[in-house]
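Structure record follows, encoded as structure tokens.
The values are calculated or read from the model by the stated rules, or taken from the named source; none is laboratory data. This is a predicted model, so every value here is computed, not measured. With ideal geometry, Cβ positions are generated from the backbone for all residues, glycine too; neighbour counts draw on all protein chains shown. Just so you know, the surface numbers come from the protein's heavy atoms only, side chains and all, with ligands and any DNA or RNA stripped out. Shrake-Rupley method; radii C 1.70, N 1.55, O 1.52, S 1.80 Å.
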Amino acid sequence: MKNKKLVLIVICIAAMIASLLTVNRMITSISLQPADHDSSTAAITESSAESVSEDSTAEPDKPESQAEVKGSDSSVYTADTVFTAEDIEHIAGTSPDSRDRTILKLEYKDYFLHSGITPQNNYQRVHYMLFDSPEKARDAFEKIRTDLYEEDSVEISDDFVSGRERGVMDAEVESCFLLRGNMLVTASAAYSNYYDINDEEKVQAHNAENRKNYEELKEWLKSEF
């Protein structure tokens, strides 16, 4: 009788152990499934990261038109922007010449190209006037608005002014200025009123070409820079 009880006890224990092993295998199987999913997701993420990395290391296309140049630069222009010579070189796409100058007794650094200009690149056809601070550039802009032009010729907005300059002898000079941070961007044209009668046709044709080029550059400066 005792032996039968012992056999029953052993059978019960064995059954319990078998049940525990089965449950343990089920739990282990379930716990492993998310790990397998995470592994595949990680592989996909890693692949995507490698693709992005390859794209970011590819050499960017160089701008082929002035619209593309504008797109890369204009978003950073604010009233507080402080431009440097390096910024101007980047904007113009080449290294400009420079000189110390004054306008209406205000000092500035003039950056310009007098040779090697790409005709279709308007950024190379203007002058860049750098002042020590945005405040000094604004002061110069306000002084130009009030003191440089003949009153009946002035076109004014908050950051742009143009007109016919006062006190010019034997010629007519038109100019415009765009305010950007510590910089004024400017363009101008001169039309001769003094010439020999034999040269009248040539001079008038030259004046007409200058006026056309200036008007195009002025409109571009207002709307695109």
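Couple of notes before you dig in:
- With only the Cα atoms considered, region 67-181 has a convex hull volume of 128 Å³ per residue.
- On a per residue basis, region 104-225 carries 55 Å² of accessible surface, using protein heavy atoms and a 1.4 Å probe.
- Volume per residue that the Cα convex hull of region 132-225 spans, once the total is divided by residue count, Å³: 98
- For the pair D170 and K202, label points projected 7 Å from Cα toward Cβ lie 1.6 nm apart.
- Sparsely packed loop sites in region 118-225 (the trypsin sites (Lys or Arg not before Pro) outside DSSP H, G, I, E and B with at most 15 other Cβ atoms within 10 Å) comprise R166.
- Scalar couplings 3J(HN,Hα) for region 181-190, obtained by applying the Karplus form with A = 6.51, B = -1.76, C = 1.60 to θ = phi - 60°, are x, 8, 10, 10, 9, 9, 9, 8, 8, 10 Hz; x denotes Gly and Pro.
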